[in-house]
Amino acid sequence: MRRWMMIGFALLVFCLLTGTQARADTVSAEDLQAIEQQWQESVHALAEVNCSSCHQTQETGQVVARPTVESCRSCHEYAVETFAFGKHGVRLYEGLSPLQPEMAHLPMKEAALDKPMNCNTCHNVHSVNTVQASVDSCLTCHNDRHSLNYKESTLG
């Protein structure tokens, strides 16, 4: 209980210092608790990567709710470069806005249409996955026959 009070207090101080106001994308106490639980079991926690490693800019020290690809690049340069040359990331490499699911040539699930393409779209950085996004992650957006048949194939 004391731990959650400290987390709540720290969050309050953070909001007051940064001038953060309640918005639709503000993290709720329940979500914050779930994020912390996921993080405690993650490869980032094992590597002693804390919240500020990703959620605080190197240049200004400003706290950001949603880190950019550049934040991921600071530790995962090869992965970001590989992503940049693939179908999902090529727009970022070209200096354009991220790929949006509505731009896809394949059928996409309606729930995916508002998701931008960035590292966290496929890799939940607060969770355990240490190597790659799973097929389940692909199927949260892709709705084409090829993707949907993967699990029933010899590969799945």
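Just so you know, all these numbers are worked out from the coordinates, no wet-lab data involved. Everything numeric here is computed off the predicted structure, so don't read it as measured data. Neighbour counts are summed over all protein chains in view; Cβ atoms, including those assigned to glycine, are modelled from backbone coordinates with ideal geometry.
Relative to the current alpha-carbon distance between Ser53 and Lys151, full extension at 0.36 nm per residue lengthens the span by 31.7 nm. Listed by Cβ neighbour count within 10 Å, with the fewest neighbours leading, Leu113, Leu96 appear as Leu96, Leu113. Could you calculate the FRET efficiency of Gln37 with Leu96 from 1/(1 + (r/R0)^6), where r is the beta carbon distance between them and R0 is 35 Å, rounded to 0.05? Rounded to the nearest 0.05, the efficiency is 0.45.
With all projection directions averaged, the alpha carbon convex hull of region 41-152 covers 8.1 nm². Here the gap between Ser127 and Lys109, fully extended at 0.36 nm per residue and compared with their Cα-Cα distance, gives a gain of 4.2 nm.
For region 53-156, which GluC sites (Glu not before Pro) are in a loop by DSSP, counting at most 14 other Cβ atoms within 10 Å?
Working: sites: Glu59, Glu70, Glu77, Glu81, Glu94, Glu102, Glu110, Glu152; in loops: Glu59, Glu94.
Within region 53-156, the qualifying GluC sites (Glu not before Pro) (loop, at most 14 other Cβ atoms within 10 Å) are Glu59, Glu94.
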